[in-house]
Amino acid sequence: MERAVDAADASRDVCARIALNLVRYAYERNFEGADPYDALNSPYARAITLGTKTGRIILTQLLRRAPINLRPLLRVPPGANPKALGLFLESVVKLERARRDGKLTTDLELPTLARDLFARLMALRAPNCAGAAWGYNFPWQNRFQLLPAHTPTIVNTAFITHALLDYYELFPNAETLAIARSAADFMLNDLNRYEGDDDEFCFSYTPQDVNYVHNANLLGASALMRLANQYEYRELYDDALNAYRYTLRRQRDDGSWFYAERREQRWIDSFHTGFNLEAIRRALRLGALSEYREAYRAGVRFYANRFFQFDGRPNYYADREYLVDVHAPMEAIYFFASEPEYRELWRRVARWTNQNMLNRAQDGFYFRKTRFITIKTRYMRWSQAWAARAYAEATANANE
């Protein structure tokens with residue numbers, strides 16, 4: 001068992017202990033748990049919602065926003081979410097790399113965990129796709145349509161592709177690389193596109209919709225760019241660049257992006273801003289997008305200056321203080337940990353988060369904190385997996 005840590009500390013050792021505690025917690029539960037959006041897995045969902053779109057949205061939001069976990073009452077079973085498995089795979093690989101570098105010690109068999117997570121991801125691939133792709137283990141109703149369980153998304157597939165490539169680098173295997181490469185075939189052949197100018201386009205979120213979201217588009221582009229530039233699949237380069245161009249050309253004057261360009265989706269929030277910048281940074285580090293380096297810097301300045309209070313508390317939105325969603329500090333820790341200029345910022349965020357959102361056992365983070373209440377439900381994907389990823393990144397790559 002990993003030892004307890006001082007929550008007011010944000011050293012590499014503390015980050016390592018928290019990351020290992022999170023992985024151990026998930027492993028002991030077979031990486032299965034609740035999700036903010038899993039309400040429609042209830043056997044009572046159809047009766048409660050009357051089979052209507054409005055009913056499905058209300059039920060999902062009720063379980064997501066409730067201050068206590070109502071899933072046992074509605075018999076929503078814990079599940080293995082492919083995205084959570086991918087984020088844990090990325091985390092375990094980072095921790096194993098840190099262990100090999102002498103940055104942590106643990107009795108967890110990290111290579112065995114990584115192999116097991118890889119195998120489970122292979123078993124959970126979405127069917128009938130042009131290449132490897134992953135969705136969620138529950139049906140979900142958005143404002144446009146009802147999507148069945150395991151409908152593949154570009155976001156899930158991009159994060160898992162990066163995790164597979166990380167895994168491949170530490171445990172080389174031709175099969176792993178081939179599967180990661182096949183994810184590009186899903187993106188290029190199954191997803192819809194919004195065509196902008198001749199040299200730009202935006203990927204859809206799933207094959208079933210025409211919803212064009214900036215962070216989803218950039219995350220997909222980042223996976224294509226990594227395959228093209230790092231692994232010499234050069235046939236993917238132009239498509240990656242064209243997808244990047246779409247979003248980069250829609251950056252606002254202050255360095256920010258709307259979530260999407262539809263009028264009803266024009267909000268600016270913390271962690272999606274981080275996802276955008278994370279995807280752009282990947283390309284820059286691979287020697288691409290040099291003409292957009294200043295745009296990237298403007299985005300980083302906006303991110304650092306608009307979303308964080310002096311004590312490190314992260315805001316969800318750029319224009320208001322509350323609420324705090326666990327995604328916000330975790331993406332901030334992940335992103336800024338390897339940005340030397342922002343060393344103090346990510347440590348302030350980590351200290352605040354450890355003191356305000358980490359449970360007493362130090363093996364889990366709460367979901368949300370409003371001005372008046374804390375929603376303490378621990379979600380395997382939304383809270384635990386993202387936290388493991390953030391603290392593993394700080395362990396492996398933070399500038400001391």
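Quick notes on this one:
- When the stretch 245-291 is limited to residues that are among the hydroxyl-bearing types (S, T, Y) and under 24 Å from R389 (Cβ atoms), the one that is surrounded by the most Cβ atoms within 10 Å (Cβ to Cβ) turns out to be T273.
- Screening L277, L358 for residues that are out of contact with any strand residue (DSSP E or B) (no Cβ under 9 Å at 6 or more places or on another chain) and aliphatic (A, V, I, L, M) leaves exactly one candidate, L277.
- Residues of the stretch 345-379 that are open to solvent by 10 Å² or more (accessible area, probe 1.4 Å) and assigned to a helix (DSSP H, G or I): L345, R347, R348, R351, W352, Q355, N356.
- Some residue of the stretch 201-215 being crowded, with 16+ Cβ neighbours inside 10 Å and closer than 24 Å to E339 by Cα: yes
- Considered as a group, the residues in the stretch 57-69 that are farther than 28 Å from L121 by Cα, in a loop (DSSP other than H, G, I, E, B) and not small (G, A, S) include one that is most open to solvent (accessible area, probe 1.4 Å), and that residue is I68.
To keep it simple, each residue is scored yes or no on (1) part of a loop (DSSP other than H, G, I, E, B); (2) at pLDDT 95 or above.
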position: R3; (1), (2): yes, no
position: D13; (1), (2): no, no
position: V76; (1), (2): yes, yes
position: G86; (1), (2): no, yes
position: K94; (1), (2): no, yes
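- Beta carbons closer than 7 Å, at least 6 apart along the sequence or on distinct chains, pair a first residue in the stretch 350-373 that is without any contact (Cβ under 8 Å) to a residue 24 or more places away in the chain with a second that is in a loop (DSSP other than H, G, I, E, B) and of a type outside the set (G, A, S) for N359/Y366.
- Qualifying residue in the stretch 267-285 (condition: within 21 Å of the chain's Cα centre (by Cα) and more than 24 Å from M330 (Cβ to Cβ)): no
- Residue-level analysis places E321 outside the set of residues that are within 21 Å of R348 (Cβ to Cβ) and in contact with a Phe, Trp or Tyr (Cβ under 7 Å, 6 or more places away or on another chain).
- Meets criteria (in contact with a helix residue (DSSP H, G or I) (Cβ under 6 Å, 6 or more places away or on another chain), buried (at least 24 other Cβ atoms within 10 Å of the Cβ) and either under 24 Å from R389 (Cα atoms) or not acidic (D, E) (or both)) for A158: yes
- Some residue of the stretch 114-126 being part of a loop (DSSP other than H, G, I, E, B), without any contact (Cβ under 8 Å) to a residue 60 or more places away in the chain and more than 19 Å from the chain's Cα centre (by Cα): no
- Test for R193: is it basic (K, R), in contact (Cβ under 8 Å) with a residue 24 or more places away in the chain, open to solvent by 10 Å² or more (accessible area, probe 1.4 Å) and on the phi < 0 side of the Ramachandran plot: no
- Meets criteria (aromatic (F, W, Y), over 19 Å from A243 (Cα atoms) and assigned to a helix (DSSP H, G or I)) for Y303: yes
- Selection within the stretch 312-340 - among the acidic types (D, E) and at pLDDT 95 or above: D325, E331
- In the stretch 55-93, the residues that are under 30 Å from L164 (Cα atoms) and without any contact (Cβ under 8 Å) to a residue 12 or more places away in the chain: none
The values are calculated or read from the model by the stated rules, or taken from the named source; none is laboratory data. Since the structure is predicted, the reported quantities are computational estimates derived from the model, not experimental observations. Please note: Cβ atoms are built from the backbone with ideal geometry, for glycine as well, and neighbour counts cover all protein chains shown. The area values use the complete protein model at the heavy-atom level, side chains included, leaving out ligands, DNA and RNA. Shrake-Rupley method; radii C 1.70, N 1.55, O 1.52, S 1.80 Å.
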